[in-house]
Amino acid sequence: MKALFTVSDQAAVNVVRRLGGKGGMRVYLLWNLPRQAFVEVINEVAELTGAKDVNSELLWNLLGGNMREFETLVGYGWDYRRWIERQAIIRVIDTFRTYQEEQGLSGINDVLARLIEKGKAAASSYGLGEFTGQPDAVEGFFNPLRENTMIYLGLPGLEALSEMPSEPWIGKYFAYQIPAYYWVIKAMVKSGKINVTPEEALDIINHVKE
């Protein structure tokens, strides 16, 4: 008899890491929808809701096929700027603020400064070039794993049950749960400040995709 447990948070990943291969346990990764399937869903929902001029390319670069966040964005009336501000930016800030409070740092920008310092060293060591918030350079430090803004892909024996796209928000060992977190952190790293705007994150996307 086999039991299948479906989990999606870092606490569950920690259990898997602690138990390892005990009891014949195997680990499978069910990722977000692949790009084409996601675009098809976007078009269907846009037609049902009467949304006009929906930018599926941008939504892919914000959501990466994540249906839960897509539902949230539609709930914002397809206002992706408001969604970036209230969901993506606030989530990243809250992640860093938790670390700031736990470490007794004087301000949240101190967390960003530590992230940039650590990220530059890791990016150089791993041959990733300039640090821009790459998932494998961040490595889950400063709480993004515990707060579920990132996920660890390096579990022994991990098997992917769905397509893992080749995108900058997915590394070899770590990935952002949704790409919007990556663009927000990249905007923070570029500007050197925590309080970035949706426009700054969108400018990063547009510059990279040109």
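Counting only helices (runs of 4 or more DSSP H) that fall entirely inside segment 1-119 and contain at least 3 residues that are under 27 Å from A137 (Cβ atoms) and at pLDDT below 75, the qualifying elements are 10-19.
Condition first: within 18 Å of the chain's Cα centre (by Cα) and aromatic (F, W, Y). Can you find one or more residues in segment 127-136 that meet it? Yes: one or more hits. Name every residue in segment 66-79 that is closer than 26 Å to M164 by Cα, free of Cβ contacts under 8 Å to residues at least 60 places away in the same chain and not hydrophobic (A, V, I, L, M, F, W, C), in order of residue number. Matches in segment 66-79: R68, E71, T72.
If the condition is being touching a residue at least 40 places away in the same chain (Cβ under 8 Å) and more than 16 Å from the chain's Cα centre (by Cα), then segment 83-101 contributes T98, Y99. Every listed requirement among (1) among the polar types (S, T, N, Q); (2) modelled with pLDDT of 90 or more; (3) surrounded by 19 or more Cβ atoms within 10 Å (Cβ to Cβ) is met by N143 save one, (2). Can you tell me which of (1) closer than 21 Å to E69 by Cα; (2) acidic (D, E); (3) part of a loop (DSSP other than H, G, I, E, B) is the one E200 doesn't meet? It fails just one condition, (3).
The values are calculated or read from the model by the stated rules, or taken from the named source; none is laboratory data. Note that the coordinates shown come from a computational prediction; the quantities given were computed from them, not determined experimentally. Cβ: placed from backbone, ideal geometry, glycine included. Neighbour counts: every protein chain shown.
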